[in-house]
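Read through the structure below, which is laid out as C-alpha cells, and then see the notes.
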Amino acid sequence: MKILICYHTITGNTEKVAKSIKQGLTGQDVTLTPALGVDPVDLASFDIVFLGSGTYAASVGKSIKKLIKSAEKLPSKFVFFYTHASPGSNKCFYRVEKEITRKNSSIIAKFECLGATKPTKEQLELMNPKQRENYNSLIGHPDEIDLENAKEFAKKVIVNL
Ligand SMILES: Cc1cc2nc3c(=O)[nH]c(=O)nc-3n(C[C@H](O)[C@H](O)[C@H](O)COP(=O)(O)O)c2cc1C
C-alpha cells in the first residue's frame, strides 16, 4: 500500500509522532515528509494519507490547510494525528475535515497526544502559577508512551482497513 505521512511542525513534537507512526507501518510503501514539501497534485496517488499537525491557536498549521485546499483530487482515506498543549483541544482539524469531506474523502481514524510547549525565558518568567503548573505537566511530551501509542495506533489502522 502506498502511504503518505505528512505533517506541520514548529517545535518538533508532531514530527516525533510522525516518525513513530512510520515505525508502525513496516512493510508498507511509506513516504514521510513535512506537508510543505508535498505537491498537491501528487496527493491522490496515495492509498492513504496520515495528516499531522501541532495545534496553533486552536487550528492546524498553514501548510496543512494549504495542501488540502489546493488539491483538486484527494485520496479516499485520511488519518489525522495532532499534538496539543490543552487537554480539551480536539477541534484543530475542524476546517480541514470539512474540506476533505466536501471533496468526498473520509477520515478513518484520529490520534492525539500532548506536546510540550517551548517558551522563551521571558515567557517562562511571566507565567502565573497556574500557567506554570500547566507548562510543567507537559514537559517531556510526547514521551515514550505517547510514541509507542502512536506506533500501535498506526498498526491498527492498517489491520482494520
Ligand atoms: C504559536 C503556538 C500556538 C499554540 N496554540 C495552541 C492552542 O491553541 N491549543 C493547544 O492545545 N496548544 C497550543 N500550542 C501548543 C502546541 O500545540 C503543542 O506544543 C504542540 O505539540 C506543538 O507541536 P509541534 O512541536 O509539532 O509544533 C501552541 C503552540 C504554539 C507554538
Within the range 1-36, restricting to residues that are within 16 Å of the ligand (Cβ to nearest atom), on the phi < 0 side of the Ramachandran plot and part of a loop (DSSP other than H, G, I, E, B), the one that is nearest to the chain's Cα centre (by Cα) is 9
Please determine, by comparing only the residues of the range 37-50 that are over 19 Å from residue 110 (Cα atoms) and among the β-branched types (Val, Ile, Thr), which one is farthest from the ligand (Cβ to nearest atom).
41
Please go through the range 83-116 and give me each residue that is surrounded by 19 or more Cβ atoms within 10 Å (Cβ to Cβ), touching a helix residue (DSSP H, G or I) at 6+ places or on another chain (Cβ under 7 Å) and touching a residue at least 40 places away in the same chain (Cβ under 8 Å), ordered by number.
83, 96, 111, 113, 115, 116
List pairs: first in the range 1-13 and within 12 Å of residue 118 (Cβ to Cβ), second in a loop (DSSP other than H, G, I, E, B) and within 13 Å of the ligand (Cβ to nearest atom), Cβ under 7 Å, 6+ apart or cross-chain?
11/118; 13/115; 13/116; 13/142
One residue from 124, 74 being hydrophobic (A, V, I, L, M, F, W, C), touching a Lys or Arg at 6+ places or on another chain (Cβ under 9 Å) and free of Cβ contacts under 8 Å to residues at least 12 places away in the same chain
124
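No lab work stands behind these numbers, since they all come straight from the coordinates. All of these numbers come straight from a predicted model, not from anything done at the bench. Positions of Cβ are backbone-derived with ideal geometry, glycine not excepted, and every protein chain shown enters the neighbour counts.
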